[in-house]
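Please read the structure below before turning to the comments.
The values are calculated or read from the model by the stated rules, or taken from the named source; none is laboratory data. Keep in mind that what you see is a predicted model, and the values were worked out from it rather than measured. Cβ placement follows ideal geometry from the backbone for every residue including glycine, while neighbour counts extend to all protein chains displayed.
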Amino acid sequence: MKGRVRPKLAVWKFASCDGCQLSLLDCEDELLQLAELVQFANFVEASSKVQRGPYAVSLVEGSITTAHDRERIQAVRADSAVVITIGACATSGGIQALRNGADVAEFTRHVYAHPEYISTLRDSTPISAHIKVDYELFGCPINKQQLVEVISAFLHGRKPRIYSHSVCVDCKLRGTPCLTVTRGIPCLGPVTHAGCEALCPSYGRGCFGCYGPKESSNPASLMQHLSTHLGQPDVALSRLLRSFTAEAPPFASARKPYEPAT
Amino acid sequence: MSTASDSPPSTDTELRVRAGVKTRTIQVDYLARVEGEGALHVKTRGDVVEDVQLRIFEPPRFFEAFLRGRLASEAPDITARICGICPVAYQMSSTQAIERALGLTITPTIRALRRLLYCGEWIESHALHVLMLHAPDFLGVADVVALAKLFPDVVRGGLQLKKTGNEILRVLGGREIHPINIRVGGFYKLPSVAELQSLREPLLRARDQALATVRWVGGFSFPDVLRDYDLVSLWHPDEYPLNEGQLVSRSGLRIDVSEFESHFEEVHVAHSNALHAQKRVDGGAYLVGPLARYNLCGDKLPELAKQAARDAKLPVQCFNPFQSIIVRAVELVFACDEALRLIAEYQPAGPPFVVAEPRAGEGAAVTCAPRGLLYQRYRVNADGTIAECKIVPPTSQNQRTIEDDLRAVVQKEIRRPKAELTARCEQTIRNHDPCISCATHFLRLEIEDADELKQDP
């Protein structure tokens, strides 16, 4: 590796829990090796040494919720050859998007004694609503092996090998009996992007959609099934799609019919 | 929610001295090696520290607002998302608070497994902080990658220690970050004896590595700073605290956890998106976390951990915040040892979870997140939904104390060059492993510039 300049990797945080960038530090077996391939040029959670851009790859965690962050993400884009968003917050607005459509002023009054000290936008929005994103990695949290795969794919100029089927398919691959069919448990497995290796069903609980909607899924049809065949009340269906990726468009539109009129 | 006090007590009022004295500021715009977004701002006038602000600019996320109307059973999964570093702490406080609201009693098996799960989070979080975030300060390097060049064996061993903590979380919780196997009443699925036994060999190595870590950090040099903290911890008569016990303080408090809000309150200050907690009795600051636990409950540590502390010359009562790194390493020995004990004794009995009929009620719980007390209270409706909840994370409780520490450290080292003083300030903050993502559910460091001494207008 000597004599070659290692590409610069940057990690940026917006509104989030830190869990997705922690996934990088959780790569205990790969971290030091990765550090030989890239420079952690801007990874504030892990290092007090910050180098200027431009950066070869920027990993972006978190959603846009303040006017300041709305400006900051533009600077990240301008300074980065490749922008990869990591996790449900960055790709869909995250759990904090549960404020969208709510009375944020009332939320602020509820949590803070001096609402005038708090500046926040009405909606929590994904990074792609503000800048061009080169790759989106789903999950709440992301799968760290997928993160290593995506970083190495971009470093080598190839397409990441991330499968795009549903959690449902992974259950079949694991041999987990279908919870909805055999036990009448509501499950988002048929419409949720794979990546967790169908973890929850293997523990006897229905999928609650951490990885967000898979491409060309039909959550409206699934909701209808859960309503007609499992007798799930509207409020339960609305809650099922209102969690970590509530504002991902397929989920947001599929839950509309089950939400109380405002 | 919190009621703000109109005039939070100011300890620097008396320091506002005559005009015409030179001021300087130290400013760190984006604190590194902490979890979340914070900045530091320190202002000095002549040789006197005038103002210290730990600014938390991590955006507000409004968890307590959008939890209203959700099912109480969803709280462990939703509150976990407050923090990717200590999701288990959120899951343990929320499940137990809700169980109290519902009048639910868990089985001894569930109790033991929750303790084991928490040991996993302590190992993962403490190993991360000691090795990757805090040790670089003592050795003058920027990060763990640079540290690995100086101490390759220590870093490799430390990463394996951290990995073992994560392995416990994976076996018991399904995954390391935001575990999915935790529910109100217990677990979705109990692990088999064989699954837990698979952790034994790695944990034996991890315990040796934790002992080596105590020796390594015990050899660091520590600034001579002693602070007269009021310490608050969970305390249990028979064991080092994790999930259960009374709340005790160095100043003599001994209360049930349900009385937390009668003795502690949160106030909202302009420079922070985090609320600051203080004691109601005198508006004073207090400290939670490893130093509080060690000083108030150190006699409950296993002999192996006590011996490691003695060998590292850690006093039985420790008031030097910089030595918190040794305390964390000692707690790593405890967590590995306790995990080994729990695994050896494990015999699954009873159901994976207990069920309660929905009812209206209210319940509170305090558990020991790696960085300190995490309080949660829930009021639930008869239909199983959350009517109201309150969450007080460790970092909002420690924020005032961190500012007081900075004031003491800057005052002591006020004549040092800016770069050195700034580094010292950052190290001072990291002493308490602040978790800013937690605190905004709510940090930022600025120190006004020593090189640009300027006349105060």
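For the reader, a short list of remarks on this structure follows.
- The condition of being facing chain B (nearest Cβ under 9 Å), of a type in the set (Ser, Thr, Tyr) and closer than 30 Å to residue A:42 by Cα holds for only one of A:124, A:80, that being A:124.
- Within the range A:62-81, the set of residues being closer than 23 Å to residue A:245 by Cβ and in a strand (DSSP E or B) comprises A:63, A:64.
- Of the criteria (1) away from chain B (no Cβ under 14 Å); (2) surrounded by fewer than 15 Cβ atoms within 10 Å (Cβ to Cβ), which one residue A:217 fails: (2)
- Per the listing B:204, B:234, B:196, the residue uniquely away from every other protein chain (no Cβ under 14 Å) and assigned to a strand (DSSP E or B) is B:234.
- Filtered residues of the range A:50-76 (kept if of a type in the set (Lys, Arg) and touching a strand residue (DSSP E or B) at 6+ places or on another chain (Cβ under 6 Å)): A:70
- Among strands (runs of 3 or more DSSP E) entirely within the range B:239-302, having at least 3 residues that are under 25 Å from residue B:317 (Cβ atoms), β-branched (Val, Ile, Thr) and within 14 Å of another protein chain (Cβ to nearest Cβ) singles out no element at all.
- Single residue of the range A:38-61 satisfying the filter (assigned to a loop (DSSP other than H, G, I, E, B), over 22 Å from the mean Cα position of the chain (by Cα) and of a type in the set (A, V, I, L, M)) that is modelled with the highest pLDDT: A:38
Each row is one residue, and each column tells you yes or no for (1) assigned to a helix (DSSP H, G or I); (2) within 14 Å of another protein chain (Cβ to nearest Cβ); (3) under 21 Å from residue B:325 (Cβ atoms).
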| site | (1), (2), (3) |
| --- | --- |
| B:90 | yes, yes, no |
| B:114 | yes, no, no |
| B:119 | yes, no, yes |
| B:125 | yes, yes, yes |
| B:136 | yes, yes, yes |
| B:162 | yes, yes, yes |
| B:167 | yes, yes, no |
| B:172 | yes, yes, no |
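- Qualifying residue in the range A:122-139 (condition: over 15 Å from residue B:81 (Cβ atoms), β-branched (Val, Ile, Thr) and crowded, with 24+ Cβ neighbours inside 10 Å): yes
- Flag for residue B:100 being within 14 Å of chain A (Cβ to nearest Cβ), at pLDDT 85 or above and touching a strand residue (DSSP E or B) at 6+ places or on another chain (Cβ under 6 Å): no
- When residues in the range A:140-163 are screened for being closer than 30 Å to residue B:85 by Cβ and either away from chain B (no Cβ under 14 Å) or surrounded by fewer than 18 Cβ atoms within 10 Å (Cβ to Cβ) (or both), 13 of them pass.
- Inclusion of residue A:245 among residues that are among the β-branched types (Val, Ile, Thr), part of a loop (DSSP other than H, G, I, E, B) and under 29 Å from residue A:28 (Cα atoms) is warranted.
- Selection status of residue B:310, modelled with pLDDT of 95 or more, in a helix (DSSP H, G or I) and more than 30 Å from residue B:41 (Cβ to Cβ): yes
- Being farther than 23 Å from residue B:401 by Cβ, modelled with pLDDT under 95 and in contact with a Leu (Cβ under 7 Å, 6 or more places away or on another chain) is a property that does not hold for residue B:339.
- Scanning the range B:226-269 for residues that are among the charged types (D, E, K, R), farther than 24 Å from residue B:378 by Cα and out of contact with any Phe, Trp or Tyr (no Cβ under 6 Å at 6 or more places or on another chain) gives B:228, B:238, B:239, B:250.
- When the range B:68-104 is filtered for residues that are within 26 Å of residue B:122 (Cβ to Cβ), in contact with a helix residue (DSSP H, G or I) (Cβ under 7 Å, 6 or more places away or on another chain), of a type in the set (A, V, I, L, M) and buried (at least 23 other Cβ atoms within 10 Å of the Cβ), the ones remaining, listed by number, are B:75, B:80, B:82, B:85, B:88, B:89, B:92, B:98.
- Hey, residue A:162 under 23 Å from residue A:17 (Cβ atoms), in a loop (DSSP other than H, G, I, E, B) and at pLDDT 95 or above or not: no
- Residue B:52 vs. criteria at pLDDT 85 or above, away from every other protein chain (no Cβ under 14 Å) and in contact with a helix residue (DSSP H, G or I) (Cβ under 9 Å, 6 or more places away or on another chain): yes
- Lone unmet requirement of (1) within 9 Å of another protein chain (Cβ to nearest Cβ); (2) part of a loop (DSSP other than H, G, I, E, B) for residue B:106: (1)
- Matching residues, the range B:174-192, being facing chain A (nearest Cβ under 7 Å) and either buried (at least 24 other Cβ atoms within 10 Å of the Cβ) or among the hydrophobic types (A, V, I, L, M, F, W, C) (or both): B:176, B:177, B:178, B:180, B:181
- Complete set of residues in the range B:59-76 that are at the interface with chain A (Cβ under 8 Å from one of its Cβ atoms) and either aliphatic (A, V, I, L, M) or farther than 22 Å from residue A:101 by Cα (or both): B:65, B:71
- Residue list for the range B:259-272, filter: surrounded by 15 or more Cβ atoms within 10 Å (Cβ to Cβ), modelled with pLDDT under 95 and not polar (S, T, N, Q): B:265, B:266, B:267, B:268, B:269, B:271
- Restricting A:50, A:44, A:38 to those that are at the interface with chain B (Cβ under 7 Å from one of its Cβ atoms) and closer than 27 Å to residue B:127 by Cβ reduces the list to A:44.
- Pair list, Cβ < 8 Å and 6+ apart or interchain, from the range A:50-73 residues that are over 10 Å from residue A:90 (Cβ atoms) to residues that are among the basic types (Lys, Arg): A:51/A:8; A:53/A:8; A:54/A:8; A:55/A:8; A:56/A:8; A:57/A:8; A:65/B:61
- Test: residue in the range A:1-14 that is within 8 Å of chain B (Cβ to nearest Cβ) and not in a loop (DSSP other than H, G, I, E, B): yes
- Count of the range B:268-301 residues which are in contact with a Cys (Cβ under 8 Å, 6 or more places away or on another chain) and over 27 Å from residue B:329 (Cβ atoms): 0
- Count - residues of the range A:167-193 that are part of a helix (DSSP H, G or I) and within 22 Å of the chain's Cα centre (by Cα): 8
- Number of residues in the range A:1-38 that are β-branched (Val, Ile, Thr) and in contact with a helix residue (DSSP H, G or I) (Cβ under 6 Å, 6 or more places away or on another chain) equals 1.
- Total residues in the range B:240-258, condition more than 16 Å from residue B:393 (Cα to Cα) and surrounded by fewer than 17 Cβ atoms within 10 Å (Cβ to Cβ): 5
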